[in-house]
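Some notes on the structure that comes next.
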Amino acid sequence: MDSDFTIQNLIPKSLVQEFGSPLYVYDEEIIKRQCQTITTALKNSFDQGAKVLYACKANTNPNILKIMRSNGVHGIDAVSPNEVEVALQAGFLNNQITYTANYMTKEEIEYAIQKGVILNVGEIDTLKKLIAYQAEVIIRLNLDIGIGHHNHVNTGGNDSKFGINLMWKEQLSEIQKQGVKIIGLHQHMGSKIMKKDHDSYLLGIEKLFQAATQELELPYLKYIDIGGGFGVKYQDYEETSDLNLLFSEIKKLYDKYFINVKPMLFIEPGRYLIAESGYLLCTVQAINTNKSRTFVGTDSGMHHLIRPALYESYHEIINSEQKQVEPRIVTVCGNICESGDLLGVDRNLKVEVSDVLVIQNGGAYGFSMSSNYNLRERPAEILVRDSKPYIIRKRETLDYLLANVVIL
Ligand code: LLP
């Protein structure tokens, strides 16, 4: 970096002065760019035959959902009743929302049926419960192929809790005989699929298309949902998918298997649409050197961005300003009382106390996975639109954190 870092010309230190530190900041232009890139690439191969559903678990701020809606995203993949509510509030229609909860309660099933959203079910036992409602469902399959940047996000194969294995195909046909209509098939193999994963990914897609056309009897088939998982770069050496190429390969497979019936294809990207737009800004409070390491201690941490602690994920961290000090190898940490509260290990940084650091790719699974551990507030969220900052979520307060406590 040869100049100070800005977000649509806004200076991180000024944002922090105005709205407090730490702070989540989203650049609307980047969200629009990502929506545009993926919807255009999909259209290039499938024309009107495919739609993008945003997997909103990546970031559920309603303003973000609205931006997606205005930029070509057709619907939402929701995984809880609250996500469904946020999607409806953002203006999506019930038939544009898939509800992909796992191990649903009776209340959740009834909620989804009453709202008229598209149910996506991944367990035989849940399908049996749906006989009573003669429900229409997409079913989530586990076709033995999982991909992902970490075991925790690998959602296919024998070690994954998700999806129905084809060894249950007799039961599936029995459940259909009893009145459940299977209107779609779904598979989500995992998260952060990169160029290197294409062969296994396409194999998984082919298995899904084979299941739809050769393995299962599906007279009501309307949808084929290939899940999300499209990666973005967190480190320089990583190679992302060329989406035009990937979707054209998927289209070739689609044309090979779907000769008569042409189900609508859904994709459900989360990370791809929102990761790169988001930055977590935090301020260096103290630098602490012990015999082997120098720790750059910030006012944020694993409670605001748990990905490094949970998956050992790499997030680029830069100083928001050009510095005239010597670079050194440091470990950036937070203020949580756990030794695993590290945001970046062994980074080469020019850094001093009071500097504002910018943690990149914070838009996906940042705020949405944050917590109040150590009874700390979550940061405010700011949207930068036309080079102006707007608060889209206020910083929490102690009153907010204690609102549901009952003192005896
Ligand atoms: N569809 C389904 C059914 C999913 O389970 C997921 C993610 C997605 C779509 C969206 O996946 P994406 O396009 O964002 O990769 N917290 C993890 C990622 C967990 C993803 C879980 N399911 C992380 O921070 O890497």
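Observations
- Only a single criterion out of (1) over 24 Å from residue 26 (Cβ atoms); (2) touching a Leu at 6+ places or on another chain (Cβ under 9 Å); (3) within 16 Å of the ligand (Cβ to nearest atom) is not satisfied by residue 312, namely (2).
- Residues within region 40-58 that are open to solvent by 30 Å² or more (accessible area, probe 1.4 Å) and either under 14 Å from residue 364 (Cβ atoms) or β-branched (Val, Ile, Thr) (or both), tallied: 2
- Condition check for residue 64: of a type outside the set (Phe, Trp, Tyr), in a helix (DSSP H, G or I), under 13 Å from residue 275 (Cα atoms) and open to solvent by less than 10 Å² (accessible area, probe 1.4 Å): yes
- A search for C-beta distances below 9 Å between a residue of region 138-164 that is aromatic (Phe, Trp, Tyr) and any residue that is modelled with pLDDT under 85, counting only pairs 6+ apart in sequence or on different chains, returns 162/155; 162/156.
- Verdict on residue 332 being buried (at least 16 other Cβ atoms within 10 Å of the Cβ) and in contact (Cβ under 8 Å) with a residue 60 or more places away in the chain: no
- Apart from one condition, residue 371 fits all of (1) in a loop (DSSP other than H, G, I, E, B); (2) within 16 Å of the ligand (Cβ to nearest atom); (3) surrounded by 14 or more Cβ atoms within 10 Å (Cβ to Cβ); the exception is (3).
- Subset tally (residues that are open to solvent by less than 10 Å² (accessible area, probe 1.4 Å) and either on the phi > 0 side of the Ramachandran plot or in contact with a Lys or Arg (Cβ under 6 Å, 6 or more places away or on another chain) (or both)) for region 208-228: 1
- Leading residue by the ranking (nearest to residue 223 (Cα to Cα)) among those in region 91-115 that are in a loop (DSSP other than H, G, I, E, B) and open to solvent by less than 40 Å² (accessible area, probe 1.4 Å): 100
- Residue tally, condition in contact with a Phe, Trp or Tyr (Cβ under 6 Å, 6 or more places away or on another chain) and either modelled with pLDDT under 95 or within 16 Å of the ligand (Cβ to nearest atom) (or both), over region 188-222: 1
- In region 178-193, the residues that are of a type in the set (Ser, Thr, Tyr) reach residues that are within 7 Å of the ligand (Cβ to nearest atom) and modelled with pLDDT of 95 or more with C-beta atoms within less than 7 angstrom, at least six apart or across chains, in these pairs: 191/229; 191/271.
- Comparison of 200, 241 shows that the only residue that is farther than 18 Å from residue 140 by Cβ, among the small types (Gly, Ala, Ser), part of a helix (DSSP H, G or I) and touching a residue at least 24 places away in the same chain (Cβ under 8 Å) is 200.
The values are calculated or read from the model by the stated rules, or taken from the named source; none is laboratory data. No experiment lies behind these values; they were computed from the predicted model shown. Every residue, glycine as well, gets a Cβ built from its backbone with ideal geometry; the counts of neighbours run over all protein chains shown. In case anyone asks, the SASA skips ligands and DNA or RNA and just uses the protein heavy atoms, side chains included. Shrake-Rupley method; radii C 1.70, N 1.55, O 1.52, S 1.80 Å.
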